[in-house]
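The values are calculated or read from the model by the stated rules, or taken from the named source; none is laboratory data. Everything quoted here is computed from the prediction, not taken from an experiment. In this analysis, Cβ positions are derived from the backbone assuming ideal geometry, glycine residues included, and neighbour counts consider all displayed protein chains. The area values use the complete protein model at the heavy-atom level, side chains included, leaving out ligands, DNA and RNA. Shrake-Rupley method; radii C 1.70, N 1.55, O 1.52, S 1.80 Å.
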Amino acid sequence: MTGWRTLSHVVVDPLPADWREQLATRLGQRPRRIGPWAELALYGARLCLDAAQETALPAGVQLRVASLNGPVSATRAVAEQAGTGLPLPFSFMQSQPSQMLAALSQHLGWQGDARFTLCRDPQALLQLAQDECGRGGLLIGWVEDGRRSEWWRLAPPH
């Protein structure tokens, strides 16, 4: 990360027992219609922006989220529901990583370039994100369903 400045770095591992209540308090309401994986992403991202002293994600910042497995618990629920008929609509939506990106956009007050990647090499993902990044910088997170949320807010070299 030569020349890049770390504005904040947050690791949530292990998860506090009341992390969902903390998120609802921080947002002023409980997020609706998103699954636990997306909530965990939002929890970590919000903590990271708070640590960077940013009330919203600034325009021009690129958003990248990665995981080894994505929303695996929601995907399992959809598979179980499919075995007995059609999956429930909210379960299906919660299994889609794009819904997490939409929730982040909404709750971070931001629009822009956002991507989710299933990845096994965090360093390669970081290098790719930095190579693609503009002057606005980067918010990048690694989220594992029910276990971990790690985020960096990075500013590019001047």
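Summary of computed values
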quantity: Segment ARG120-ALA51, length gained on full extension (0.36 nm per residue, minus Cα span); calculated: 22.2 nm
quantity: Heavy-atom accessible surface of the range 75-158: percent carbon and sulfur, 1.4 Å; calculated: 55
quantity: Loop trypsin sites (Lys or Arg not before Pro), the range 1-78 (other Cβ atoms within 10 Å of the site Cβ: 14 or fewer; DSSP); calculated: ARG32, ARG33
quantity: Rg to Rh, two decimals, where the chain supplies the alpha carbon set and Rh follows Kirkwood; calculated: 0.98
quantity: The range 3-58 versus the range 85-151: alpha-carbon centroid distance in Å; calculated: 13
quantity: Counting DSSP beta bridges with both ends in the chain, the antiparallel % (nearest 5); calculated: 60
quantity: Sum of side-chain charges, ASP113 neighbourhood, beta-carbon under 12 Å (Lys, Arg +1; Asp, Glu -1); calculated: +1
quantity: Under 13 Å, Cβ to Cβ, from GLU21 - net charge with Lys/Arg +1 and Asp/Glu -1; calculated: +1
quantity: Angle between the chain longest axis and helix 122-132 axis [Cα atoms, degrees, rounded to 10]; calculated: 60
quantity: Heavy-atom accessible area ranking, 1.4 Å probe, most first, across LEU101, LEU154, LEU88; calculated: LEU88, LEU101, LEU154
quantity: Local electrostatic count at ALA59 - Lys and Arg +1, Asp and Glu -1, tallied over other residues with Cβ under 14 Å; calculated: -1
quantity: Solvent exposure ordering (accessible area, 1.4 Å, most first) of GLU54, GLU21, GLU132; calculated: GLU21, GLU132, GLU54
quantity: Protein-only accessible surface order, largest first, of VAL12, VAL72 at 1.4 Å; calculated: VAL72, VAL12
quantity: Overall form of the range 1-81 per C-alpha gyration tensor (a/c, 1.5; a/b vs b/c); calculated: prolate
quantity: Helix-derived mean residue ellipticity, 222 nm - over the chain, DSSP H n ≥ 4, -39500 (n - 2.57), to 500; calculated: -12000 deg cm²/dmol
